[in-house]
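Let me begin by presenting the structure, written as structure tokens, before commenting on it.
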Amino acid sequence: MAGSNNVPSAFRHVRLVLAREPGHPAGDPDDGYDLMVPLTTDGRLDADLWRAHRDGCRVRRFTPGTEDRIGRLRRKPGGQWFVDYEEGDRDDEAGFRLREERFVPGEYVSISRAGRMHTYQVARVEKPT
């Protein structure tokens, strides 16, 4: 993802890919998210580092047949994480319990997109280049 050169060392590039669900019995590696986020040593989102480097917390959503969407990882009062693509909340995509989830390869996270919950598998976690 662009702009990853100037982020703290705890930032990671996380690739999420669609897990098995109705209509996608094998999942879909071409449907998912690229995240540039700060992680703790155990792989959880680091809220303190996010707060200090909000603009560096970028998200790219990719889906077959559509243009990629670029947004930012945000946090609501109370701690719920969500993806914000534009001003307002009409296009936000909320994560389900992301503050408890671990972003390590093989784990699963859920994100609500267009009013429907989808499960994604963490495909890889890498230091940004």
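The values are calculated or read from the model by the stated rules, or taken from the named source; none is laboratory data. Only a predicted model underlies this, so the values are computations on that prediction, with no experimental measurement involved. Counting neighbours? That spans all protein chains shown, and the Cβs are built from the backbone with ideal geometry, glycine included. Side chains are part of the model used for accessible areas, which takes the heavy atoms of the whole protein and leaves out ligands, DNA and RNA. Shrake-Rupley method; radii C 1.70, N 1.55, O 1.52, S 1.80 Å.
Observations, loosely collected:
- Of all residues assigned to region 8-16, at least one qualifies as being out of contact with any Ser or Thr (no Cβ under 9 Å at 6 or more places or on another chain), part of a loop (DSSP other than H, G, I, E, B) and within 20 Å of residue 126 (Cα to Cα).
- Where strands (runs of 3 or more DSSP E) fall wholly inside region 21-129, the ranges with 2 or more residues that are open to solvent by 50 Å² or more (accessible area, probe 1.4 Å) are 28-38, 58-62, 69-75, 116-126.
- Members of region 98-124 that are among the small types (Gly, Ala, Ser) and touching a residue at least 60 places away in the same chain (Cβ under 8 Å): 123
- Looking across region 17-64, the residues that are without any contact (Cβ under 8 Å) to a residue 60 or more places away in the chain and among the acidic types (Asp, Glu) come down to 28, 30, 31, 34, 46, 48, 55.
- First in region 81-97 and more than 17 Å from residue 39 (Cα to Cα), second anywhere and acidic (Asp, Glu) and at pLDDT below 85, Cβ under 7 Å, 6 or more apart: 85/91
- Only one entry in 75, 61, 54 is farther than 20 Å from residue 108 by Cα and either modelled with pLDDT under 95 or basic (Lys, Arg) (or both), namely 54.
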